[in-house]
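Shown next, in structure tokens, is the structure this report addresses.
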Amino acid sequence: MRVVRGERLEPETDAQLLAAHGLDAPLEVIAWLRQLRERSIQVALFTHPAASPLRTRLLAANAPVDRIVLAADGLDTLVRADRPVQATAVSFVDRVKLQFVAGPFTPATESGVAALLAPLPPVLYRLQRRNAFRVTPPAPRAARCSLEARSVHAPTYPVVDLSVGGMSLLLPAQGQADLPSPGTRWDDCMLELPGVAALRCALVLMHAEVSDAGQGVRLGLRFERLGPDAERDVQRYVIAAQRTSRAG
């Protein structure tokens, strides 16, 4: 079983942060929970903020329908006759922190193993840091981005990698002297995410370099004040890219 990273294990409590990172589409929630199950990633359960976490793992997501199943070892305190118990579940998929409310719990059996049954969480919070891993958009549904969305003739460039924090773009080759400087800002960009959305965004240049293969100039860009709806669209595309990568 993989162990969750301890340095940020405690549940996030900032209401604005959580509101900006919530996923409430059932298929998206199930997709992330299934990653925890398929990769046997440890889940920490907090019954209240100051409590020491209880460790478990997910045995099933949405089987039975609208339910999750957790391994019951050491979780006797979650099943009480006097009152229902809920807990805040925290885990990590790669460098993405997942958080959701789990419970109330009822005893169950999964493949002959003692387990706890709980409702499928209506919201899952996916908290990806700025320095989180990025996915490579899969062909033939690769993302593209225009840095000048106001112009109908503005070129679009292939997105090399993408996360909720930013992206890398590959521009045509040009001389080293023509590279833009870090801090350069594009306020009206259009990011095309096939199968998900086309969204307006602002981008700030972090670094620019000529690619090793001489194919062009690679720009490392971060999103500037990406709105909650746009961030969810990026998250959906990242999820789809991860699925495609694993399927291949």
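Would you pull out the residues with amide H under 5 Å of Leu59's amide H, same chain only if 5 or more places away, H placed 1.01 Å from N?
Counting only residues 5 or more places away or on other chains, the set is Val69, Leu70, Ala71.
What distance in nm separates the two pseudo spin-label positions at Asp14 and Arg243, each 7 Å out from Cα along the beta-carbon direction?
The two pseudo-label positions are separated by 3.0 nm.
Quick one: 3J(HN,Hα) in Hz for the stretch 30-43, Karplus 6.51/-1.76/1.60 with θ = phi - 60°, rounded, Gly and Pro as x.
With the stated coefficients, the stretch 30-43 comes to 4, 4, 6, 5, 5, 4, 4, 5, 5, 9, 6, 8, 5, 10 Hz.
Tell me the angle of helix 228-247 to the major Cα principal axis of the chain, expressed in degrees between 0 and 90 and rounded to the nearest ten.
Between helix and principal axis, roughly 80 degrees.
With an 8 Å Cα cut-off and a minimum separation of 6 or more residues, compute the relative contact order for the stretch 143-202 in percent. Can you show the working numbers first?
Details: 84 pairs, mean separation 21.6, N = 60.
Over the stretch 143-202, the number comes to 36 percent.
Does the stretch 35-91 come out rounded, prolate or oblate, given a ≥ b ≥ c as the square roots of the eigenvalues of its C-alpha gyration tensor, rounded meaning a/c under 1.5 and, failing that, prolate meaning a/b above b/c? Can you show the working numbers first?
Numbers: a/c = 2.03, a/b = 1.32, b/c = 1.54.
In terms of gyration-tensor shape, oblate.
Based on the inverse mean of 1/r over its pairs of different Cα atoms, what is the Kirkwood hydrodynamic radius of the stretch 146-198, in Å?
On the way: mean 1/r = 0.0786 Å⁻¹.
Computed over Cα pairs of the stretch 146-198, the Kirkwood hydrodynamic radius comes out at 12.7 Å.
Where does the chain land on the Kirkwood hydrodynamic radius, alpha-carbon pairs, in angstrom? List each step's numbers first, then the result.
Values: mean 1/r = 0.0503 Å⁻¹.
Every distinct Cα pair counted, the radius reaches 19.9 Å.
Which ³J(HN,Hα) values, rounded to whole Hz and listed in residue order, are derived for the stretch 157-165 from phi using the Karplus coefficients 6.51, -1.76 and 1.60 in 6.51 cos²θ - 1.76 cosθ + 1.60 with θ = phi - 60°, glycine and proline given as x?
10, x, 7, 7, 8, 8, 8, 5, x
Net charge around Leu120, counting only other residues with Cβ within less than 10 Å of its Cβ (Lys, Arg = +1; Asp, Glu = -1)? Don't skip to the answer; put the middle values down first.
Values: positive: Arg67; negative: Asp66.
My count for the surroundings of Leu120 gives 0.
Ignoring ligands, DNA and RNA, what accessible area per residue does the chain give at 1.4 Å, in Å²?
Roughly 50 Å² per residue, with all protein chains present.
Over 10 Å intervals from 0, what percent of Cα-Cα pairs in the stretch 68-128 sits in each interval?
22, 46, 29, 4
What FRET efficiency, computed as 1/(1 + (r/R0)^6) with R0 = 41 Å and r the Cβ-Cβ distance, is obtained for Ala173 and Asp229, rounded to the nearest 0.05?
Working: r = 35 Å, r/R0 = 0.86.
It comes out at approximately 0.70.
May I ask you to compute the full-extension gain from Ala114 to Met206, defined as 0.36 nm times their residue separation minus their alpha-carbon distance, rounded to one decimal in nm? Spell out each step's value before the answer.
Numbers: separation 92, 0.36 × 92 = 33.12 nm, distance 5.06 nm.
Net length gain for the segment: 28.1 nm.
Roughly speaking, what is the stretch gain from Arg39 to Thr106, that is 0.36 nm per residue apart minus the C-alpha to C-alpha distance, in nm to one decimal? Display every interim value, and only then the final one.
Values: separation 67, 0.36 × 67 = 24.12 nm, distance 2.42 nm.
Fully extending the segment from Arg39 to Thr106 adds 21.7 nm.
The values are calculated or read from the model by the stated rules, or taken from the named source; none is laboratory data. What you see is a predicted model, and the numbers here were worked out from it, not measured in a lab. No Cβ is skipped: glycine too gets one built from the backbone with ideal geometry, and neighbour counts run over all protein chains shown. Note: accessible area is taken over every heavy atom of the protein model, side chains too, but ligands, DNA and RNA are not part of it. Shrake-Rupley method; radii C 1.70, N 1.55, O 1.52, S 1.80 Å.
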